[in-house]
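Please read the structure below before turning to the comments.
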Amino acid sequence: MRVRALHIYPIKSTQGHDLDSAEVEPWGLAGDRRYLVVDAGGTMLTAREFPKLLSCRAEIAGGALTLTGPHAAPLLVRPAATLSTVTVWRTDVDLRDCGDEAATWLSALIEHPVRLKWLDDPTRRPVNPDHGRPEDRVSLADGYPLLLASTSSLARLNDWIAEDAVEHGEDPPGPLPMRRFRPNVVVDGVAEPFAEDEWKRVRIGALDFRVSRGCSRCVLTTIDHSTYTKGKEPIRTLARHRRWDGKTWFGVLLIPDTTGRVAVGDPVVAL
């Protein structure tokens, strides 16, 4: 097994981009999900509510974040010193505001008043203690530092989607791209689809990770990244083939036990 691709998403719920290599920190890949968008009242927003966020590309260079979108010139973000408390799912986290320019730029993009916040200190947010250790930390990802998915599992899911479409009297759709699932690490060469469900620990290159749990999937996976519209898949098919505990599942969530660098092409070993 090998690393096929690496991805980070600097702002939660915006576009990801590919990396040839990445630094693994205790809370995830360096630069991954350190920013998020909130409404005027300070409530976290995602592409679940505002799919147009997926048209924003955020890139980090030299420690600075630049926003690019279809509606305005690129913007260099300049975080201020102001801290405020934002609830990220069930955890209250102190985040730094990124200023009026970023707020205006993003508000124009999604046509809704918002502000951009930055997690300047990633040690502030613990993982869910039900599936981690007290010392484990996570950035602004949904719950755990990294998401791993395999190409063999995606291929099986796309086969199921095509088969289920025929059963419903529909034309089979084109295969879903991996980016619908927003993984950090994509692995090639997994012998059986969904074999990663059974992994307890995994080594990527020279680094070791715990598999904390599977990843339950939500409506975000149904958004077409080209049209920003919601469809039925993959949730309809996952609900038929991959539903338990009242949720649908694809991919596994990792917690680093060691830090360092990983790269595309690195060997992957289930321990």
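The values are calculated or read from the model by the stated rules, or taken from the named source; none is laboratory data. As the structure is a prediction and not an experimental result, all values here were calculated from the model. Ideal geometry is used to build each Cβ from the backbone, glycine not excepted, and the neighbour counts take in all protein chains shown.
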Original post:
Out of all the residues in segment 174-193, is one or more surrounded by 14 or more Cβ atoms within 10 Å (Cβ to Cβ), over 30 Å from ASP257 (Cα atoms) and in contact (Cβ under 8 Å) with a residue 12 or more places away in the chain?
Top reply: yes
**OP:** Collect the residues in segment 214-224 that are crowded, with 17+ Cβ neighbours inside 10 Å and either closer than 24 Å to VAL127 by Cα or in contact with a Ser or Thr (Cβ under 8 Å, 6 or more places away or on another chain) (or both), keeping them in residue-number order.
**Re:** GLY214, CYS215, SER216, ARG217, LEU220, THR221, ILE223
Original post:
Mind checking which pairs have a first residue in segment 134-149 that is farther than 21 Å from TRP118 by Cα and a second that is among the β-branched types (Val, Ile, Thr), Cβ under 7 Å, 6 or more apart or different chains?
Top reply: LEU148/VAL185; LEU148/VAL187; LEU148/VAL252; ALA149/VAL186
**OP:** Residue by residue through segment 70-100, note down the ones that are of a type in the set (Val, Ile, Thr), out of contact with any Pro (no Cβ under 9 Å at 6 or more places or on another chain) and surrounded by 13 or more Cβ atoms within 10 Å (Cβ to Cβ).
**Re:** VAL77, VAL86, VAL88, VAL93
Original post:
Which of the residues spanning segment 205-222 are under 22 Å from ARG156 (Cβ atoms) and of a type outside the set (Lys, Arg)?
Top reply: VAL211, GLY214, CYS215, SER216, CYS218, VAL219, LEU220, THR221, THR222
Subject >> Residues (touching a residue at least 24 places away in the same chain (Cβ under 8 Å) and touching a strand residue (DSSP E or B) at 6+ places or on another chain (Cβ under 9 Å)) located in segment 223-236 >> reply: ILE223, HIS225, THR229, LYS230, PRO234
Subject >> Pair list, Cβ < 6 Å and 6+ apart or interchain, from segment 242-271 residues that are touching a residue at least 12 places away in the same chain (Cβ under 8 Å) to residues that are part of a loop (DSSP other than H, G, I, E, B) and basic (Lys, Arg) >> reply: THR248/ARG242; TRP249/ARG242
Subject >> Failed condition for LYS52, given (1) in contact with a strand residue (DSSP E or B) (Cβ under 8 Å, 6 or more places away or on another chain); (2) in a helix (DSSP H, G or I) >> reply: (1)
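Being farther than 30 Å from VAL262 by Cα, surrounded by 19 or more Cβ atoms within 10 Å (Cβ to Cβ) and in contact (Cβ under 8 Å) with a residue 24 or more places away in the chain narrows it down to one residue among LEU67, LEU106; which is it?
LEU106 is the lone residue from the list that is farther than 30 Å from VAL262 by Cα, surrounded by 19 or more Cβ atoms within 10 Å (Cβ to Cβ) and in contact (Cβ under 8 Å) with a residue 24 or more places away in the chain.
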Subject >> Selection within segment 238-260 - outside any strand (DSSP E or B) and within 19 Å of ARG48 (Cα to Cα) >> reply: LEU238, ALA239
Original post:
Just one of the numbered conditions (1) modelled with pLDDT under 95; (2) more than 22 Å from ALA64 (Cβ to Cβ) is not true of ILE110; which one?
Top reply: (1)
Subject >> Tally of residues being within 28 Å of PRO267 (Cα to Cα), surrounded by 21 or more Cβ atoms within 10 Å (Cβ to Cβ) and of a type in the set (A, V, I, L, M, F, W, C) across segment 129-168 >> reply: 9
Subject >> Conditions (1) without any contact (Cβ under 8 Å) to a residue 24 or more places away in the chain; (2) under 17 Å from the mean Cα position of the chain (by Cα): number failed by VAL166 >> reply: (2)
**OP:** Specify which of the listed residues (GLU59, GLU101) is at pLDDT 95 or above, acidic (Asp, Glu) and farther than 15 Å from SER13 by Cβ.
**Re:** GLU101
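Restricting the search to segment 211-230, which residues are part of a loop (DSSP other than H, G, I, E, B) and either modelled with pLDDT of 95 or more or among the acidic types (Asp, Glu) (or both)?
ASP224, the sole residue that qualifies.
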**OP:** Check whether at least one residue in segment 16-33 is outside the structural domain of PHE209 (by TED's automatic domain parsing) and more than 30 Å from LEU271 (Cα to Cα), and report yes or no.
**Re:** no
**OP:** Could you list all residues from segment 239-268 that are among the hydrophobic types (A, V, I, L, M, F, W, C) and surrounded by 12 or more Cβ atoms within 10 Å (Cβ to Cβ)?
**Re:** ALA239, TRP249, PHE250, VAL252, LEU253, LEU254, ILE255, VAL262, ALA263, VAL264, VAL268
